[in-house]
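Below is one structure, written out as structure tokens; comments come after it.
The values are calculated or read from the model by the stated rules, or taken from the named source; none is laboratory data. Everything numeric in this text was worked out from a predicted model, so none of it was measured. Reconstructed Cβ throughout: ideal geometry from the backbone, glycine too, with neighbour counts over all protein chains shown.
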Amino acid sequence: MSEIAAAAGVSVPTVSKVVNGRPDVAAGTREKVEALLRQRGYQPRRARPEHRIGLIDLVFVDLGSPWAMEILAGVEEVTHRAGTGVVVSAVHGRHRTRPDRRWLENLAARRSDGVLLILSQLSPGQQAQLDDLGIPVVIVDPAGQPAPKVPSVGATNWAGGLTATQHLIGLGHERIAVIGGPPDVLCSRARMDGYRAAMSGAGLKVRPGYVRSGDFLSPTGYQQTTALLDLPTPPTALFVCADQMALGAYEALYERGLRVPDDMSVVGFDDLDEARWAIPPLTTIRQPLTEMAGMGARMLLSLIDGEELETPRVELATPLVVRASTAPPAAVHQA
């Protein structure tokens, strides 16, 4: 209020009167203050209704992937039983993880009961506005470290990266490369850290050029695999931190006339339906996406009902699913 008052050239009590709808403010002053409030994205604090409206917001970074569909299925199963509707929206703009101001304005206008963020995060200002509105938030697979008071559901990404790499080491591979997701995304960093821990624990060196970053989508899996194959000493195995990128890796290997797993072993991460139907079927780390989404939805509905959560942080296990894309390195590659 002090910032608005200074910009408008009025006192803080005058701004307070405008905010609270008091009539004893000159029309010109009121218009100037209201214009400044709109520019700053101010949303008035409103009392929460005594009962649910029956609507939550579900916010994705990317709606066009099978990954998103599994999340949506997990949320819908829970909300359907609870009689709650879901408004689905996406964060627009490449490499963005935060919804924009327009989304927040629309959310305030429709008075959703709560927000479920998927691989997203809020700015401190956005979080403060939701707190003012009394709208609880739960994050599933957070992009960054959530604020201490914001509950989250994730997977054991570090353990999954460790297990994937140890599987390849156990088959006899030493030249193991990794293709991660965006370096600034929490789950991607954890998976790659698990890879490094497995390599270090086995006394294996991570060779120059063997650590690559993508964006979880097939084209970057293709591009980074092509770059790895062009190295003077290419790897004999790949840990790819998302199934979609792993399928891009398959395409790059196919174009070079290389066979999986005879010429290159590949491990993915997620266990999407496509992994089972790939040729050959993809060995991968199962991320329980549907279960994570369902857990997040149940936590959010509990908060909406005014209940306290048993724990604000939940991590679900990520087991290895062995299929046909991994094998011991061919003798010609072991030199």
Scanning segment 146-191 for residues that are among the hydroxyl-bearing types (Ser, Thr, Tyr) and in a helix (DSSP H, G or I), the one nearest to Leu217 (Cα to Cα) turns out to be Ser188
Of the candidates Thr290, Thr318, the one satisfying the condition of being assigned to a loop (DSSP other than H, G, I, E, B), polar (S, T, N, Q) and modelled with pLDDT of 95 or more is Thr318
Asp271: passes all of (1) in contact with a helix residue (DSSP H, G or I) (Cβ under 6 Å, 6 or more places away or on another chain); (2) surrounded by 23 or more Cβ atoms within 10 Å (Cβ to Cβ) but (1)
The residue that is surrounded by the fewest Cβ atoms within 10 Å (Cβ to Cβ), considering only those in segment 35-75 that are among the charged types (D, E, K, R) and at pLDDT below 85, is Glu50
Glu310 fails exactly one of (1) surrounded by 21 or more Cβ atoms within 10 Å (Cβ to Cβ); (2) modelled with pLDDT under 95, namely (1)
Within segment 108-132, the count of residues that are buried (at least 18 other Cβ atoms within 10 Å of the Cβ) and either of a type in the set (Lys, Arg) or closer than 25 Å to Thr290 by Cα (or both) comes to 11
Of the residues in segment 1-34, those that are under 30 Å from Asp305 (Cα atoms) and modelled with pLDDT of 70 or more come to Val19
Among the residues of segment 49-89, the number that are of a type in the set (Lys, Arg) and assigned to a strand (DSSP E or B) is 0
When segment 276-300 is checked residue by residue, the ones that are over 20 Å from the mean Cα position of the chain (by Cα) and hydrophobic (A, V, I, L, M, F, W, C) are Trp277, Ala278, Ile279, Leu282
In the set Gln127, Gln121, Gln145, the lone residue that is of a type outside the set (Phe, Trp, Tyr) and without any contact (Cβ under 8 Å) to a residue 24 or more places away in the chain is Gln127
Going through segment 212-234 in order, the residues found to be touching a Phe, Trp or Tyr at 6+ places or on another chain (Cβ under 8 Å) and β-branched (Val, Ile, Thr) are none
Flagged in segment 274-293 as out of contact with any helix residue (DSSP H, G or I) (no Cβ under 8 Å at 6 or more places or on another chain) and within 20 Å of Ala190 (Cα to Cα), in numbering order, are Arg286, Pro288
- prompt: If you go through segment 149-164 one residue at a time, do you hit one that is basic (Lys, Arg) and assigned by TED's automatic domain parsing to the domain that holds Pro136?
  reply: yes
Exercise for review: Evaluate the following for Val260: is it in contact (Cβ under 8 Å) with a residue 40 or more places away in the chain, of a type outside the set (Phe, Trp, Tyr) and not in a loop (DSSP other than H, G, I, E, B)?
Suggested key: no
